[in-house]
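Engineer: Provided herewith is a single structure, encoded as structure tokens, for subsequent inquiry.
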Amino acid sequence: MTSNGAHLLSNARPVSAATSFPDVNVFSVDVEEWYQVGAFENTLGRGDWSGLESRVEHQCHAILALLDDAKVKGTFFCLGWVAERHPLLISAIHKQGHELACHGMAHERIFRFTKDEFRQDVHRAKALIEDASGASVRGYRAPSFSLTADIWWAYDVLAEAGFSYSSSLYPLKTDHYGMPDAPRKPFWPVGEGRILEVPMTVCNLFGRALPASGGGYFRLLPYMLGKYLFQKGREQSGVPAIFYMHPWEIDPGQPYIGEAPWLSRFRHYTGQKALPGKLSALCGTSQWAPLHDCIVKPAYAGLEA
Ligand SMILES: [Zn+2]
């Protein structure tokens, strides 16, 4: 955290105390291809992408079937890259009653952009998702939770581009991302009512902050522990907890990148076969609603209360 970052966070405003959130959780999916991941970025370059097998359609349809069985409506943060190549998939997600949101154009971390480049990236991605579906896109999630204190201007860009919320911060420290000083509850980073930041869910256990939003941890940890962290994180914050996953996490048939470092392969491939069963079980533990409905709407309504 830079001193600049500390100053920015001191301007952050919590949501109004009058806000009441429903007793539900959020199931979110970051829609990207199996090769558009940090784990392979030093093995498969962007120049290789066009020659690799696309698997996102059938992976997403498997998730859609699972959510349909469980009667869960979620939020899908899609890459513009995917929307451009698979518009029917984007439209199918919308038709099944899920919320469509934006995950940037091609999974570039925000801090690699200038402000202008970031503006172009989110405008293009948002337009592609909206054109494919006819839906309004209001939410944004930074690739690899890369919204850092040094690029707080990203919130101004998102607000100007017509987003009403972002879900781009993990309020703890991991080896790849995280902003431990960030609030754990939804907050207004650049002025009340301008854009809402909805941080990922964290659980305090034995004096430590642990990631509780699913992701790779839910796949790698035993089910009972992943579920416990998620539920405990929800209880501690009093706000709907945010679960997230990627389409490639339930596809054991995807190509195996043997040249990637051992730890990257372990994190990417372990636990894929068991994941659908764990997801179905988790879906049965609570009620669920799209992020915009259960957190963003009440937060904006709380401003008027
Ligand atoms: Zn991603």
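Coordinate-derived values only; no laboratory data. This is a predicted model, so every value here is computed, not measured. Using ideal geometry, Cβ is built from the backbone for each residue, glycine included, and neighbour counts are taken over all protein chains shown.
Engineer: Compute the distance in nm between two label points, each set 7 Å from the Cα along the Cα-to-Cβ direction, one at R13 and one at R85.
Structural biologist: 4.3
Engineer: Among W188, W34, W49, which one shows the highest mean-square fluctuation when the chain is modelled as a Gaussian network with alpha-carbon springs under 10 Å?
Structural biologist: Highest fluctuation among the options: W49.
Engineer: Under a Cβ-Cβ cut-off of 14 Å, what is the net charge of the residues other than M200 that fall near it, where Lys and Arg count +1 and Asp and Glu count -1?
Structural biologist: +3
Engineer: At a 10 Å Cβ-Cβ cut-off, how would you order C102, C283, fewest neighbours first?
Structural biologist: C283, C102
Engineer: Around T19, under 11 Å between beta carbons, what's the net of Lys plus Arg minus Asp minus Glu among the other residues?
Structural biologist: Summing Lys and Arg as +1 and Asp and Glu as -1 gives +1.
Engineer: Can you tell me the length gained on complete extension of the stretch T285 to F266, counting 0.36 nm per residue apart and subtracting the Cα distance?
Structural biologist: 4.0 nm is the gain from fully extending T285 to F266.
Engineer: I've got another one for you. Considering the chain as a Gaussian network with a 10 Å cut-off on Cα pairs, which listed residue, L210, L263, L221, attains the greatest mean-square fluctuation?
Structural biologist: Among L210, L263, L221, the largest GNM mean-square fluctuation belongs to L263.
Engineer: Please sort 228-234, 244-250 by packing, taking for each peptide the average over its residues of neighbouring beta carbons within 10 angstrom, highest first.
Structural biologist: 244-250, 228-234
Engineer: Only residues of the stretch 127-143 count here: report those whose backbone N is under 17 Å from the spot 7 Å along Cα→Cβ of R46, or say none.
Structural biologist: Flagged as within label range: 142-143.
Engineer: Also: Ratio of alpha-carbon Rg to the 2.2 N^0.38 Å globular estimate for the chain, to two decimals, please.
Structural biologist: 0.93
Engineer: If we count every other residue with Cβ under 14 angstrom of A132's Cβ, Lys/Arg +1 and Asp/Glu -1, where does the sum land?
Structural biologist: 0
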